[in-house]
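Peer 1: First the structure, then my questions, so here it is.
The values are calculated or read from the model by the stated rules, or taken from the named source; none is laboratory data. Owing to the predicted nature of the structure, the values given are computational and were not obtained by experimental measurement. Quick reminder, even Gly has a Cβ in these numbers, built from the backbone with ideal geometry, and neighbours come from all protein chains shown. Protein only, heavy atoms only, side chains kept; ligands, DNA and RNA dropped before computing areas. Shrake-Rupley method; radii C 1.70, N 1.55, O 1.52, S 1.80 Å.
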Amino acid sequence: MRSRLSLLIPTVLILGLCIVLFGAYSPSSSDTLRSIHNQYETTKSKLGGSSDKALSTVKDLFSADEQKQLDKKARYAITSSVQTASFTAFALMLGYSIQKHNDLAAMGAEMVLLIREDGADAVTKENRTRLEAAGWRVKVAEDLEFENVDNSKIRAHHRHNLNKLHLWSWTEYEKILFIDADVVCKGSLRELWEIPGDFAAAPDVWWNVLTDNKFNSGVIVFKPSLEEFHKLIHKVSDPEYHRPNDADQAFLNVYYRFRYFGLPYKYNFNLIMYQFHRPHWDQLWDEAVLVHFTVRKPKPDPSEHCHKGCNEWEPMEWYAMLFKEMLAYYGWEKEIPLYA
């Protein structure tokens, strides 16, 4: 009798969980299926192998087509990087905004985040738990080391950016879209998978230059390749490609010079345009897909918030509105301060 109860109780609990989830979302949604499947795997690990018979009953809830969809591997990766704990909130916002405007399962894509867990100001276990709750699949990578490159000489806020090169080794994906964590998505990313060539990026923008002849590496699309990965690692040590105090952007511009596909502004809509190229900002805002907060970062300290009167007040208040929405969605209002 006791053994039967030990099987029955977990089964009832898990079935109840599935009913709640199916009631809250559309049963046909691939995201819902994956959410329930993740709950199944989590519960299985908590209950232990002795409950496999009970859990198999739950797995039987999925049809053959649904199980095939759950087991299907993603063709594409939407990636970002959090190398310091201070950027965790930005990645939460980025992940939320991507999923708000994109059906990742239908696109054949998943969100994968490269993080650093060792060293000063690295991502903490609490940070990682939140990032995973926001939909990121987390991968940990150690700092890359390059011959004749002293990372300590690179500007502090760019010091770990060369770790981005790890992504070229992720050959399980056909294409990778990398987006800096300080970006917000406001539209569909689908057409980026159709970009021709092996590497694509949008032009950089400066206060006195609207269209630079170099690209901004905050949003790039590329085909991963182990051969290319090893070439990149080798070239970082070549002084003709990489100067000692440069991070990834200057290096990638030299490496891919004359052989990259140019993306339109809308895929790396640079905040500097708001103050210095306002007519273009206003004209292109509606079609912008990825808004990049380059020259001013949202801050958690209310005394540093940007309100009417500061140079970028309208985009910053737009960010604050979306950040509030994200906190409410995940129930984090009392755990994470408002970034604005």
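Peer 1: Please name all residue pairs, on different chains or six or more residues apart, with Cβ atoms under 9 Å, provided the first residue is in the range 233-246 and is closer than 11 Å to ASN148 by Cα and part of a loop (DSSP other than H, G, I, E, B) and the second residue is modelled with pLDDT of 90 or more and hydroxyl-bearing (Ser, Thr, Tyr).
Peer 2: If the second residue must be modelled with pLDDT of 90 or more and hydroxyl-bearing (Ser, Thr, Tyr), the pairs left are HIS242/TYR255.
Peer 1: Let me ask something else. In the range 276-294, which residues are open to solvent by less than 80 Å² (accessible area, probe 1.4 Å) and within 19 Å of VAL219 (Cα to Cα)?
Peer 2: Scanning the range 276-294 gives TRP281, LEU284, TRP285, ALA288, VAL289, LEU290, VAL291, HIS292, PHE293, THR294.
Peer 1: Looking at (1) out of contact with any helix residue (DSSP H, G or I) (no Cβ under 9 Å at 6 or more places or on another chain); (2) closer than 18 Å to SER81 by Cβ, can you tell me which one ARG257 breaks?
Peer 2: Here ARG257 meets the rest and fails (2).
Peer 1: Give me the residue from the range 130-170 that is surrounded by 13 or more Cβ atoms within 10 Å (Cβ to Cβ) and polar (S, T, N, Q) and, out of that set, nearest to SER237 (Cα to Cα).
Peer 2: The qualifying residue nearest to SER237 (Cα to Cα) is ASN151.
Peer 1: Do the conditions hold for LYS334, that is, is it more than 22 Å from the chain's Cα centre (by Cα), loosely packed, with under 14 Cβ neighbours inside 10 Å and modelled with pLDDT of 95 or more?
Peer 2: It is true that LYS334 is more than 22 Å from the chain's Cα centre (by Cα), loosely packed, with under 14 Cβ neighbours inside 10 Å and modelled with pLDDT of 95 or more.
Peer 1: Go over the candidates PHE251, PHE229, PHE269 one by one and state the one that is within 27 Å of ASN151 (Cα to Cα) and crowded, with 19+ Cβ neighbours inside 10 Å.
Peer 2: Result of the check over PHE251, PHE229, PHE269: PHE251.
Peer 1: For residues in the range 73-100 being out of contact with any strand residue (DSSP E or B) (no Cβ under 8 Å at 6 or more places or on another chain) and small (Gly, Ala, Ser), which is farthest from ARG116 (Cα to Cα)?
Peer 2: Filtering the range 73-100 for residues that are out of contact with any strand residue (DSSP E or B) (no Cβ under 8 Å at 6 or more places or on another chain) and small (Gly, Ala, Ser), the one farthest from ARG116 (Cα to Cα) comes out as ALA89.
Peer 1: If PHE276 satisfies every condition in (1) within 23 Å of THR88 (Cα to Cα); (2) in contact (Cβ under 8 Å) with a residue 24 or more places away in the chain; (3) not β-branched (Val, Ile, Thr) but one, which is the exception?
Peer 2: Of the numbered conditions (1) within 23 Å of THR88 (Cα to Cα); (2) in contact (Cβ under 8 Å) with a residue 24 or more places away in the chain; (3) not β-branched (Val, Ile, Thr), the odd one out for PHE276 is (1).
Peer 1: Any chance the range 283-301 includes a residue that's of a type in the set (Phe, Trp, Tyr) and assigned to a loop (DSSP other than H, G, I, E, B)? Walk me through it before giving the result.
Peer 2: So in the range 283-301, the residues of a type in the set (Phe, Trp, Tyr) come out as 285, 293.
If we keep only those that are assigned to a loop (DSSP other than H, G, I, E, B) too, we end up with 293.
There is at least one residue in the range 283-301 that is of a type in the set (Phe, Trp, Tyr) and assigned to a loop (DSSP other than H, G, I, E, B).
Peer 1: Could you please find all residues in the range 86-129 being in contact with a Ser or Thr (Cβ under 7 Å, 6 or more places away or on another chain) and buried (at least 18 other Cβ atoms within 10 Å of the Cβ)?
Peer 2: Within the range 86-129, ALA91, LEU94, ASN102, ALA105, VAL112, LEU113, LEU114, VAL123, ASN127 meet the criteria.
Peer 1: Taking the stated definitions as given, is LYS299 farther than 21 Å from LYS164 by Cα, open to solvent by 60 Å² or more (accessible area, probe 1.4 Å) and in contact with a Cys (Cβ under 9 Å, 6 or more places away or on another chain)?
Peer 2: yes
Peer 1: A further question on this structure: Quick check: is even one residue across the range 248-266 without any contact (Cβ under 8 Å) to a residue 40 or more places away in the chain, out of contact with any Gly (no Cβ under 8 Å at 6 or more places or on another chain) and part of a loop (DSSP other than H, G, I, E, B)?
Peer 2: yes
Peer 1: For the range 289-334, what are the residues that are among the hydroxyl-bearing types (Ser, Thr, Tyr) and without any contact (Cβ under 8 Å) to a residue 12 or more places away in the chain?
Peer 2: Selection gives SER303 alone.
Peer 1: Among residues belonging to the range 196-210 that are in a strand (DSSP E or B) and open to solvent by 40 Å² or more (accessible area, probe 1.4 Å), point out the one that is modelled with the highest pLDDT.
Peer 2: The extreme case among them is TRP206.
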